[in-house]
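Values quoted throughout were computed directly from the atomic coordinates according to the rules given, and no laboratory measurement underlies them. Note that the structure is predicted; figures quoted are calculated from it, not measured. Note that we place each Cβ from the backbone using ideal geometry, even for glycine, and neighbour counts take in every protein chain shown.
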Amino acid sequence: MKIKVKNTELECFEDGSFALQKDDVRWVSKEKGKIVFDEQNRVCFDEMKTTSMHYKSGVGEGFCFVYEGNHGKFQTLIWVEYVSENIYFELIPIDFEEDFEAIYWPGYFEFDHCSKEWITLLPHMQGLMIPNDYENECTRLNFDGQFCSNGAYMPWMAQIKEGHGYIMMSCTPWDMGYQVDHPANGPYTHVSMRHLSSLGKLGYRRVMRMVLQESASITSICKIYRQYAIEKGSLVTLKEKAARSSYVDKLIGSAILHKGIKTHLSKECEFYDHEHPEKNDHVVSFEDRAKEIEYFHEQGIQKLYLHLDGWAEPGYDNAHPDYLPACKKAGGWEGMKKLSDTLKKYDYMFGLHDQYRDYYKSAPSFDENFALMQKDGHIFEQCRWAGGAQSYLCASLAPYYVKRNFEEILAHDIHLEASYLDVFTCNEPDECYNEQHKMSRKECLEYREACFQYLWSKNILPSSEEVNDWAVRSQVFAHYGPYDFMLRMPDAPRLGIPVPLWNLVYHDCVILPWPMDHTDNEDYMLYALLNGGAAYVDKDGAYPNIDGAFEYRKKALDEEIKRYRIVADLQQKVAKYEMTEFGFMDGDYKKQYSLFEDGTRVEINLNDNTYDIK
């Protein structure tokens, strides 16, 4: 079965596989769809009774396949839009109530040629490029590549060969993900889409959009998604956010200072030091933190944002969401207000770390009935972080806890201009099967965004751990949006070549602070410049050697201040401008450039750690 719409040809075969062709470049689906119910039980689409038919509407045409089996009935639809030649893939439940682990469809495209010119682009954290001949293996991503997590800041994947490429985007990303298979040295990279059950069911129509492009590049692929983001209304720029709050302009160019107050490690947590128990509890007073603020002012820093961890009585990562009052030993509410007043005196910004997913059993209001419940009634538990035994809070309650806590903080006249709600844009969306507060992944994200919107209602700029496509409308900044390798040891194998896919789409929408570490071979400041981002001037990690907090990478504070100024000067020029282009120079992955909407060009050379700003 074959149709042609303008320059795009779609050919479907009886087993449900297909091929696409545009401008004499052919993309052939090599993997048949399959349903995985569990490790022992899986069914390929072609094992089911199949009915195929031509599909045509007023806006496009293609082919429909209806599949029937012991587990139910569903259909797949592949069609080409007349006006755009975009190809749509739809997975539609008809009578399919069976619980499943994942449905893999559409499968990967044939992409087997050992060449550096054949590349795969993955929005894994800031971005990843895998040439087909890349030396390191890549077979599993964070959160198994689940969309709406840091395994995929944006819900798409792309490939380019012989200068032609495609991007496959999920229009319904809440219960979807992608997977990658790249063996060491290639000669191929296979990527494909995966559908998760939604509260145990297929539930609703899943839609993907594919765009074929000639003369494709890293930049042009990202700009296709940027246009889609504009179309769906998720692209809200910093200019628009600055019109809502003057604090946005105040934050741009600020030195990012990340400090803590109280550390308390419970005996059952993973990081408890049994050999040196005295190291498990530590308090720095609010007064001492205020003295540090005085020091930065004396150094002539005009703009600063203090991100404060562990400010409450329980200590960092303890007793959430019941995190009040302010730490008594550090000075209590009075001491915290004095710190706030010191920041206000110098027109600096103040933000607090808070957490509304980890649900600690030590919290006075802990009630297992409000923890996330899996389908079998099981309540997730772990004892990894400082506060010890915990579950996850159902996000349906998170907006109420945020309101309760921040109303109390503000009642003590703490001057907040920004604040940080941990993990919301990093961790995958949750499901909850408790009938009292049943919640889909999509609803989970809506509850998380409601927390951000509450902060906006108080003129407090929302921040979270990382960035994500679903949060761009509300989020102003993040803890970071780094390349994957930055959170690993320097000698750890890299999954691919770092490329700024996120910033090519959303640079002018969210402020990203960058780590300023310097390893033996690489200066991370260059990436901050390349991406036109913000800079940490001093950052204390909450846990040793976690999330890129490696002490040996830090420089002397006076040197960090000098480096911050270089990055901040550029950020204040380009923060509100689109990153219009990115590429490599002289065919060398370590020589990169970025171009911004105002004409600023940044070149970095990671071979000798030099840069040039034009």
Ranked list, fewest to most other Cβ atoms within 10 Å of each Cβ, for CYS138, CYS509: CYS138, CYS509
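Run through segment 97-162 and list the trypsin sites (Lys or Arg not before Pro) located in a DSSP loop whose Cβ has at most 15 other Cβ atoms within 10 Å.
Details: sites: LYS116, ARG140, LYS161; in loops: LYS116, ARG140.
Answer in residue order: LYS116, ARG140.
Between LYS375 and ASP15, what FRET efficiency follows from the Cβ-Cβ distance if R0 is 30 Å, with the result rounded to 0.05?
Numbers: r = 32 Å, r/R0 = 1.08.
Once rounded, the FRET efficiency stands at 0.40.
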Loop sites in segment 1-105: trypsin sites (Lys or Arg not before Pro), DSSP, at most 12 other Cβ within 10 Å: LYS6
Descending Cα extents along the principal axes, the chain, whole Å: 75, 58, 49
Overall dimensions of segment 431-573 by Cα: Rg and Dmax, Å: 17.4, 56
Exposure proxy ranking, count of Cβ atoms within 10 Å, fewest first, for HIS479, HIS258: HIS258, HIS479
Taking TYR483, TYR359, TYR543, TYR346 and counting other C-beta atoms within 10 Å, the order from fewest to most: TYR346, TYR543, TYR483, TYR359
For GLY60, distant residues with modelled amide H under 5 Å away: TYR82
Under 20 Å, Cα to Cα: Lys pairs in segment 473-586, sequence gap 8 or more or different chains: 5
Set of lysines with alpha-carbon distance to LYS442 below 20 Å, sequence-local pairs under 8 removed: LYS201, LYS232, LYS375
Loop chymotrypsin sites (Phe, Trp or Tyr not before Pro), segment 167-220, which have at most 15 other Cβ atoms in a 10 Å radius of their Cβ (DSSP): TYR204
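If you take every DSSP beta bridge whose two residues both sit in the chain, what share of them, in percent to the nearest 5, is antiparallel? Present the calculation step by step, with values, prior to reporting the outcome.
Values: 112 of 137 bridges.
Restricted to the chain, the bridges split so that about 80 percent are antiparallel.
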Net charge over other residues, Cβ less than 11 angstrom from the Cβ of ARG209 (K, R count +1; D, E count -1): -2
Shape call, segment 396-474: gyration tensor on alpha carbons, a/c limit 1.5: oblate
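How much of the DSSP beta bridge set in segment 251-479 is antiparallel, as a percent to the nearest 5?
That works out to approximately 40 percent antiparallel.
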Shape of segment 251-479, Cα gyration tensor, a/c cut at 1.5: oblate
Within-14-Å neighbourhood charge of PHE296 [Cβ basis; K, R +1; D, E -1]: 0
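Mean residue ellipticity at 222 nm from the helices of the chain, using -39,500 (n - 2.57) per DSSP H segment of n ≥ 4 over the full residue count, to the nearest 500 deg cm²/dmol?
Details: 10 runs with 115 residues, N = 614.
Only helices count here, giving -5500 deg cm²/dmol.
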Degrees separating the helix 286-298 axis from the principal Cα axis of the chain, which is the longest one: 80
